[in-house]
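The values are calculated or read from the model by the stated rules, or taken from the named source; none is laboratory data. From a predicted model like this one, the values you see are computed outputs, not experimental measurements. Cβ atoms come from the backbone with ideal geometry, glycine included; neighbour counts cover every protein chain shown.
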Amino acid sequence: MSAVSNSNFSNSRFILTGFPGLEVDYPWLSIPFSSIYAVVFLGNCMVLHVIRTEPSLHQPMFYFLAMLALTDLCMGLSTMCTVLGILWGFVQDISLDSCIAQSYFIHGLSFMESSVLLTMAFDRYIAICNPLRYSSILTNDRIIKIGVTILCRSSLLIPPVIIRLRFLNYCRPHILSHSFCLHQDLIRMACSDIRFNYIYGLALVISTLLLDAVLILISYIMILYAVLAIASREERIKSLQTCVSHICAVLVFYVPIIGLTMVHRFGKHLSPMVHVLMGNIYILFPPLMNPIIYSIKTQQIRKRIQRLFYLKGI
């Protein structure tokens, strides 16, 4: 009986909501969304290409930026098929296994981005508070170990809660509230005991996203304390300017997460369109904005991109 049930669950299909009430406008909506995905792909690829080909950017700060760009690129690719598939009219639902896989990548990449942002805060702390030991602390070997730790932390902590989704009984209407799969969406449709998913998921969020946010805040408090001790006003401003890009990236990442969490927890009475809007902002806003932020605010990258376009005659 169990084997039959599991077989039925694996064949379950879930309806992707898309954009309620705007179905007739999908051809028009596909234009801005296709443009956004194109910018996400080209922008992050451009950042990766510039860092790889410019020897002067082979520094810890830019290695971490490359990790961020790669994470953002994968986040965009993880949802592109379902979002654009709905708008182009050839995707309406998704299988349970595909939904679980997509959920794994979305949440795993979110935790990875949080970890990279924390590492970048650590990089800024060392650069400002202990500049003489910067190169001796952040050696290439240490950077590789940090990258492996981030990857393991993001990919190995999630499987227990994601694998559990495969064995739940989904007896409620199989209608997702987004154009992609999220863990909280799937457990909402389950009739099985979801206490493990709820408790483990909450513990995971606290030990990753919340902890990272607190540590980033602490690092900036220590940075601000060190900067205020600098006598020269010009030097204080110069030191703080090196943090502007990272602060913007932190806000671009955490504000949509907080908004989406608040909507899922307390916005049951809100229009489904609000849930859809917050979900898409959470997925697309950081990958879209980070390349723009670092291209504008980071002088080395901006000049390298300008030179690249100039050499190509653009």
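The residues of region 71-111 that are under 17 Å from residue 208 (Cβ atoms) and either of a type in the set (Gly, Ala, Ser) or in contact with a strand residue (DSSP E or B) (Cβ under 9 Å, 6 or more places away or on another chain) (or both), listed by number, are 103, 108, 110. Remark: residue 1 falls outside the filter, which requires a residue to be surrounded by 13 or more Cβ atoms within 10 Å (Cβ to Cβ) and either at pLDDT below 90 or in contact with a helix residue (DSSP H, G or I) (Cβ under 7 Å, 6 or more places away or on another chain) (or both). Within region 256-270, the set of residues being more than 16 Å from residue 75 (Cβ to Cβ) and free of Cβ contacts under 8 Å to residues at least 40 places away in the same chain comprises 258, 259, 261, 262, 263, 265, 266, 267, 268, 269, 270. If you go through region 175-206 and keep only what is of a type in the set (Gly, Ala, Ser) and free of Cβ contacts under 8 Å to residues at least 12 places away in the same chain, you end up with just 203.
Identification of helices (runs of 4 or more DSSP H) wholly contained in region 156-218 with 3 or more residues that are surrounded by 13 or more Cβ atoms within 10 Å (Cβ to Cβ) and aliphatic (A, V, I, L, M) yields 159-165.
If you check residue 68 against the conditions, is it at pLDDT 90 or above and in contact with a Phe, Trp or Tyr (Cβ under 9 Å, 6 or more places away or on another chain)? Can you show your working first?
Details: at pLDDT 90 or above: yes; in contact with a Phe, Trp or Tyr (Cβ under 9 Å, 6 or more places away or on another chain): yes.
Against the criterion (at pLDDT 90 or above and in contact with a Phe, Trp or Tyr (Cβ under 9 Å, 6 or more places away or on another chain)), residue 68 qualifies.
When region 107-142 is filtered for residues that are surrounded by 21 or more Cβ atoms within 10 Å (Cβ to Cβ), touching a Phe, Trp or Tyr at 6+ places or on another chain (Cβ under 9 Å) and either closer than 25 Å to residue 176 by Cα or free of Cβ contacts under 8 Å to residues at least 12 places away in the same chain (or both), the ones remaining, listed by number, are 110, 113. For region 24-44, the criterion of being crowded, with 18+ Cβ neighbours inside 10 Å and not in a helix (DSSP H, G or I) is satisfied by no residue at all.
Considering 48, 70, the condition of being in a helix (DSSP H, G or I), within 14 Å of the chain's Cα centre (by Cα) and not polar (S, T, N, Q) is satisfied by 70 alone. Residues in region 234-278 that are in a helix (DSSP H, G or I) and of a type in the set (Gly, Ala, Ser): 239, 245, 249, 259.
Here is a check on your reading of the model: is residue 91 more than 30 Å from residue 300 (Cβ to Cβ) and either charged (D, E, K, R) or at pLDDT below 90 (or both)?
Working: more than 30 Å from residue 300 (Cβ to Cβ): yes; either charged (D, E, K, R) or at pLDDT below 90 (or both): yes.
So residue 91 passes the test.
Within region 226-251, the set of residues being modelled with pLDDT of 90 or more and loosely packed, with under 12 Cβ neighbours inside 10 Å is empty.
Let's see how each residue does on (1) closer than 30 Å to residue 250 by Cα; (2) in contact (Cβ under 8 Å) with a residue 12 or more places away in the chain:
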position	(1), (2)
17	yes, yes
30	yes, yes
50	yes, yes
79	yes, yes
90	no, no
94	no, yes
105	yes, yes
